[in-house]
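Let me begin by presenting the structure, written as structure tokens, before commenting on it.
The values are calculated or read from the model by the stated rules, or taken from the named source; none is laboratory data. Please read all numbers here as calculations on a predicted model, not as lab measurements. Don't worry about glycine lacking a Cβ; one is built from the backbone with ideal geometry, like all the others, and counts go over all protein chains shown. Accessible surface areas use protein heavy atoms only, side chains included; no ligands, DNA or RNA. Shrake-Rupley method; radii C 1.70, N 1.55, O 1.52, S 1.80 Å.
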Amino acid sequence: MEENSETQNSTEHLPKSDGEFDPKTMRKTRPGIKRLIMILTVLSSFILGFPFLLKTIGIYRSPLPFHDIDSLSSTLQSNPLHIPCRFQVIYLGFDAEKKIDAQKLGFMISEQMTKFIGGDPVCGGCGKDYTVSVTVDSGNVCNQNLNGGDSCFWRCGMIDLSVNLNGNDEGTDEMFHSILSRIENCESSGGKVYSVVVVNKEDDDVDGVRVVVGKYRHAWLVGKVEEMGAVSSIANVFVKFFMNGGKEEGISKNEFMPVGADGRVVLSFSLLNANPQDWIYDWDFRKIDEDLLAPVVEALAPIANVTVESQVLYHTPKSSFSYWDAKLSSYVFRTKDLPFFVNSNEWHLDTSIAAGGRSKVLQFVVYVPSAEECPLQLQLPSGKMSTTNGFISPMWGGVIVWNPPRCFRSSKSMQPQKHTLTSEDLEELLEVSLGQLRQLFGLKSNNLYVGESGMSSVLSSERGFTEWELDALSRQHACFNLHSCATTLGSLSRLVQSLPRMIIKDEIGKQVKFSLEAANLAQTNASCGMYEASAVSSRQARALAEDAFFHPSIMSISYYSFEHCFAVYTPFFLPVALHVILASAKEWRRYKQERMKYFTWISKTKAE
């Protein structure tokens, strides 16, 4: 009985028979997790490797000061660049008994200047940021207005009125320069003070008022003139010459100057022998460069980095036709033929080594015609012959036709004769070339101006540009460079923000930063009246902005869109990743099912 009871108790915890076990819904052993661990390990490696994949295909982008770029653009658009100017008028030789109100004269001159300037001041001009000081020096009586500080005033009694001012203009100019040079120490105008000296003195040789503008920063009016009557002439000289640089239309911010984006200009001089079988001409250009062009390069240094080169070419005929004029006894080509004069197929002028990158090359061509069309002269639309026998092409350069002294070839000589241009010929050619260079910069080539005040004579400088012309060019160049810098940086900012995958290296970020610093420095220098410093800083700002925009890394093919990146890497990783994900899901589902079978069997066992 005891054995039967023990056997019965031991079998109570087991299924009564195998017929009650269903292998489809139950299992007696716990499911293994090795397969699940293996598949999850593979899936985890894919998940953990995804950030590394994004890191390897990521694009480095140096942070750019977008806010500063937008601030620069908005500032230049809302507040055009106005550079303060300091003007001074000195009245000499007027009646001391008359009580002349210097302050009233200064106010009248300022009002007249405002009328000449107009209501919309141009960028790069003085705008409304200028002051006019007036001094009436009548010998024993000195009347001055207090506008600008004592250090900027004319000291009365500094000139002897008995001096003849209608004789030697060069001597008079140097005399006024020696007297007025100390005024240029005026700190409030950055050392730039423009003066007009009005001399009330009768002269039998001159009718009316004679106006002469010196090569420095002063002009003088000589003649029988009243104090109030000279107001219009004085304002005209201030605005037309000292503000606008002698330009009738003034300074425009949209006017493009012949300076490269990198701030460099190459003056390329070429001597072209149309037919070397007739004659061959050469020149000693090194002497020209050292003696005559060096002062011009130095004068333009604040505006551009100027370099000079030369070459002599042969077999360079022109493309246009000329006809024989019996009355003039010469061949003539007209202005309508000028677009076809330059023979781009035969004139290999673009051989400059110095003009790399974005430098600007200005071509100055001296064309020596062949014996078949010599002498060759240019006929103007008025029917007159050109005195310079040359012409310019804006933003390209100029051409001068130089006829040899003897326009025939000796029939006895089988070999062409070789000649060298004389010093006199070189000086004449260079004088014409400098006139063409002045025209390319927007200035007049001659020194005579006709305005409301009559004929004005302007003294020429041995540097090719007077100081007040260089000041106007510096202001204009600073304005143009700042607007160009802001436009380039704005385009770069919009481009970078529109392409999230664009590479932005640290070098580009530094160039943008330095460009903004140079632009701010140019505006600061301009506000202080430092024209040359403002032009130099603005030139650096524009060059750095251009370097950043045209950086080689920006032109790389790596800044594709994210959709393009997804399309490139999907064929490599999607098939494998899809199989791993599906296998993981399938294995997880199988493990849950097998685990459920085991728990079903356990629960059934406990229930029995």
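Heavy atoms only, 1.4 Å probe, whole protein assembly: order GLU431, GLU469, GLU517 by accessible area, highest first.
GLU431, GLU517, GLU469
Which ³J(HN,Hα) values in Hz, rounded to whole numbers, follow from the phi angles of region 581-588 under the Karplus curve 6.51 cos²θ - 1.76 cosθ + 1.60, where θ = phi - 60° and Gly and Pro get x?
Per-residue couplings from phi come out as 5, 5, 5, 5, 5, 5, 5, 5 Hz.
Provide the net charge surrounding ASN145, with neighbours chosen by a C-beta distance below 11 Å and charges set as Lys +1, Arg +1, Asp -1, Glu -1.
0
Please list the non-local residues whose amide H lies under 5 Å from the amide H of VAL361, H modeled 1.01 Å from N, same-chain partners needing a gap of 5 or more.
When sequence neighbours closer than 5 places are left aside, the close amide H contacts are VAL266.
Keeping all protein chains in the complex and leaving out DNA, RNA and ligands, what accessible area do you get for THR172 with a 1.4 Å probe, in Å² to the nearest 10?
Here the accessible area works out near 10 Å².
Under the 0.36 nm per residue contour assumption, what length would be gained going from the current alpha-carbon distance of TRP396 and GLN277 to full extension?
39.9 nm
Per residue of region 36-48, what does 6.51 cos²θ - 1.76 cosθ + 1.60 with θ = phi - 60° give for ³J(HN,Hα)? Whole Hz please, x for Gly and Pro, Karplus curve as stated.
5, 5, 5, 6, 5, 5, 5, 5, 5, 5, 5, 5, 5
Determine the sum of side-chain charges near TRP588: Lys and Arg each +1, Asp and Glu each -1, restricted to other residues whose C-beta is under 13 angstrom from that of TRP588.
For residues surrounding TRP588, the net value is +4.
As a test question: what accessible area, to the nearest 10 Å², does VAL332 have when a 1.4 Å probe is rolled over all protein chains in place?
Rounded to the nearest 10, that gives 0 Å².
Roughly what would the spin-label model give for PHE573 and SER178, points 7 Å off Cα along C-beta, in nm?
8.3 nm
Pop out the ³J(HN,Hα) list for region 493-498 in order, Karplus 6.51 cos²θ - 1.76 cosθ + 1.60 with θ = phi - 60°, rounded to Hz; leave Gly and Pro as x.
Those phi angles translate into 4, 5, 5, 5, 6, 7 Hz.
Under 1.5 on a/c is rounded, so check that first for region 262-316, then, if it is not, pick prolate when a/b is larger than b/c and oblate when it is not; a ≥ b ≥ c are the square roots of the alpha carbon gyration tensor eigenvalues.
oblate
Leaving out ligands, DNA and RNA but keeping every protein chain, what accessible area does ARG217 have, in Å² rounded to the nearest 10, with a 1.4 Å probe?
Using a 1.4 Å probe on the heavy atoms, I get roughly 20 Å².
Tell me the per residue accessible area of region 496-602 using a 1.4 Å probe; a whole number in Å² is fine.
Per-residue accessible area for region 496-602 comes out at 57 Å².
Could you pull out every residue, at least 5 positions away or on a different chain, whose amide H is within less than 5 Å of the one on CYS85? Hs are placed 1.01 Å off N in the peptide plane, and Pro or chain starts have none.
TYR130, THR131
With a ≥ b ≥ c the root eigenvalues of the C-alpha gyration tensor of region 287-394, is it rounded (a/c under 1.5), prolate (a/b larger than b/c) or oblate?
Note, shape of region 287-394 comes out prolate.
For region 500-608, what is the relative contact order in percent, using Cα pairs closer than 8 Å and at least 6 residues apart in sequence?
After rounding, I find 30 percent.
Within region 460-587, what whole-number % of the accessible surface is contributed by carbon and sulfur, with the 1.4 Å probe and all protein chains included in the calculation?
67 percent
Please enumerate, by chain and number, the lysines with C-alpha under 30 Å from the C-alpha of LYS24, excluding those fewer than 8 residues away in the same chain.
Qualifying lysines at Cα under 30 Å: LYS16, LYS34, LYS586, LYS592, LYS597, LYS604, LYS606.
Quick one: which residues, 5 or more positions from TYR314 or on another chain, have an amide H under 5 Å from its amide H? H modelled 1.01 Å from N in the peptide plane, none for Pro or chain starts.
ASN273
Determine the share of region 330-399's accessible area contributed by carbon and sulfur atoms, expressed in whole percent, with a 1.4 angstrom probe.
Looking at region 330-399 in its full context, I get 53 percent from C and S.
Measuring with a 1.4 Å probe in the full set of protein chains, what accessible area per residue, in whole Å², belongs to region 283-401?
51 Å²
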